[in-house]
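Working notes, structure below.
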Amino acid sequence: MLKLAAFAIWSAAAMLISKGIREEMDYEDALLARAPVWPLKGLGALVLGSGVFYLGWVVAGEPLWRSLFVGALATLGAMLNYGLDPRQDKLPDLEDVDPHHFLKSLEQARASLAVIRGRNGRIHDSLLHNRINRAARRAEEILDVLAQNPRKFREARKFLVVYIDGVSRVTDGYLAVEEEWVDPAMRDRLYRLMADVDQRFYQELDRLRAGDRFDLDVQIEALKQQLKER
């Protein structure tokens, strides 16, 4: 039973370290990210060292000082092997926008889209369902563009604050009424509304990407001019 307890401690350490590694990989892959809330790799290393100490002192009957020493070595070895957890948010360097506000706005927008998708799964009207789904995909593309180019945040602030929230309220209001009680006129209005929303999202996405194309044109012309001067 004592050895099984030690195995349980090591299993918990392995789970913590494994989850910490996954969180670190997500953090490294993201252009913008908050640091993990809990330093899971560090906690896993401490739990691992505690398991080694427990096995030596309680199970094997080794002296206290030796068990502490070997447990500390195990903790240090795990930290050196797996590294430390990220502790700073990965934020862009923006001159006119608070990066914490920018990241929070993106997180809220993505959370709202997740809610919209969840509600859309409960909508049985196939046409309305497809239009909401298409608008949500377009909105996610816009958020991806903003994540890659945070300086466009001011341009898209209205989109983040007004449009996504508006779609969320519409889907919430629709589900508050039994679908069979939605009259044809109201249903037609919803169809046209979501078509307009999808078009507005498309225009927003095109406008943001047009800015990137313009920046690229400027860079190309600048490079051409530099080559001519040489």
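The values are calculated or read from the model by the stated rules, or taken from the named source; none is laboratory data. Keep in mind that this is a model prediction, so the values were computed, not measured. Note that we place each Cβ from the backbone using ideal geometry, even for glycine, and neighbour counts take in every protein chain shown. Only protein heavy atoms, including side chains, enter the accessible area calculation; ligands, DNA and RNA are left aside. Shrake-Rupley method; radii C 1.70, N 1.55, O 1.52, S 1.80 Å.
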In what order, largest first, do ASP198, ASP172 sit by accessible area if the probe radius is 1.4 Å?
ASP172, ASP198
Any number yet on Rg/Rh for region 1-88, C-alpha, Kirkwood?
1.09
Return the label of the correct value of Cα Rg over 2.2 N^0.38 Å, as calculated from the structure shown, out of [x] 1.27; [y] 0.97; [z] 1.53.
[z]
Work out how much length ARG34 to ARG209 would gain on full extension: take 0.36 nm times their residue separation and subtract the Cα-Cα distance, in nm to one decimal.
60.4 nm
Tell me whether region 117-219 comes out rounded, prolate or oblate; compute the Cα gyration tensor, take square roots of the eigenvalues as a ≥ b ≥ c, and use a/c under 1.5 as the rounded threshold.
prolate
With a 1.4 Å probe and all protein chains left in place, how much of the accessible area of the chain comes from carbon and sulfur atoms, in whole percent?
58
Which of the DSSP-defined H helices in the chain satisfy a minimum axial length of 18 Å, computed from C-alpha atoms, and a minimum mean Kyte-Doolittle hydropathy of 1.0?
40-54, 64-82
Quick one: if you stick a label point 7 Å off each Cα along the C-beta vector at GLN88 and ALA114, how many nm between them?
2.7
Using a Gaussian network for the chain with springs between C-alpha atoms less than 10 Å apart, which of these wobbles most: SER168, SER105, SER11?
SER11
Which value in nm describes the separation of the simple spin-label points at LEU64 and ASP144, placed 7 Å from the Cα toward the beta carbon?
5.9
Most fluctuating of GLY61, GLY83, GLY166 in the GNM of the chain (C-alpha, under 10 Å) is GLY61
Can you tell me the accessible area per residue over the chain, all protein chains present, probe 1.4 angstrom, in square angstrom?
64
